[in-house]
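What follows draws every value from the coordinates through simple rules; no lab data is involved. The structure displayed is predicted, hence computed values, not measured ones. Positions of Cβ are backbone-derived with ideal geometry, glycine not excepted, and every protein chain shown enters the neighbour counts.
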Amino acid sequence: MDVARVVMHAPVTSFRHPFLVTGKQPTAHFPPPSTIHGHCASMLGRWPDPESFYFGLHFTFRSIAIDLEHQHLTEAVKGRSRQTIQTAQGAVRATTEVSVQPVSREFLFDASLTLYLAPDIAEAFRAPVYPVVLGRSQDLAEVISVDIITLRRGERVRLEHTLLPWRLRPCIPAGTTVLLSRYISEPPRREAEFDRYIALHDAVVIGGDPADSRCVLRVEGIEFDALWSDPEYVDDEGFERGVWMHNLREAL
């Protein structure tokens, strides 16, 4: 399977939980699939077709830290509660009020992201239409390399620092269950679809010693049809880096 392998680095990044608006702002430990889709859209200058879009990822960061930021909350003012403000043009009545609220925001420090994408997207990362960011618009990032490589069906595969679909949960002896946005439709509707994933930082292996506690379990009816390996990344035990290719539109 020929894919584009894009390696990126960001000094800091964060992926806000959509259900938390005020108070502490924790970050997800992986970029959600919808973020990957939007990230590729900023490179291309258009939205990739969600029906054919697919990706694999390998994501690491050095540490998690907390910063103090200010949120500017805007509220419409109605009726008699509007204040009168004197301006050079005369008295006007305020229509909105803005309050400033401090908030603690988590961020990921020294983040590295490797994406495995369709080869036709590769050129966009060499000459992106919009600024390269990872996470929020102020989280500037750098594209380190863009290569066209061939993934294969490896016999000895190591999976770590990646997202896996929830349907593999009975097979995976590690990882945390997370709810992430899978797809967000184009403006103006911007409707979000969510799915459960396995956020896998610790390694699990396929093709190793069955007595190894890291070994992936084989469960009847659960297929690893979207699992590939990158033969250019091999660890000291001879395991190739596993790459799970996610389909953006299908519930996983």
Once Lys and Arg are counted +1 and Asp and Glu -1 for all other residues with Cβ under 14 Å from that of Ala192, the total becomes +1
Most packed first (mean Cβ within 10 Å per residue), the peptides 63-71, 50-58, 160-168 order as 160-168, 50-58, 63-71
Mean residue ellipticity at 222 nm from the helices of the chain, using -39,500 (n - 2.57) per DSSP H segment of n ≥ 4 over the full residue count, to the nearest 500 deg cm²/dmol? -2000 deg cm²/dmol
I need to check one value: relative contact order of the chain, counting alpha carbon pairs closer than 8 Å and at least 6 residues apart, in percent. 27 percent
Using alpha-carbon coordinates, inclination of helix 33-44 to the longest axis of the chain, degrees: 80 degrees
Whole-number value, in Å³ per residue, for the convex hull of the alpha carbons of region 165-222 is 96 Å³
For region 103-223, what does the relative contact order come out to in percent, with C-alpha contacts under 8 Å and a separation of six or more? 22 percent
Round to the nearest 0.05 the FRET efficiency obtained for Arg167 and Tyr130 when R0 = 30 Å and r is the Cβ-Cβ distance. 0.30
Place a point 7 Å from the Cα of Thr150 along the Cα-to-Cβ direction; which residues of region 229-248 have their backbone N under 14 Å from it? 229-232
For the chain, state the semi-axes of the equivalent ellipsoid (square roots of 5 times the eigenvalues of the alpha-carbon gyration tensor), sorted largest first and rounded to whole angstrom. 41, 20, 17
If you average the C-alpha positions of region 1-57 and of region 147-213 separately, how far apart do those two centres end up, in angstrom? 14 Å
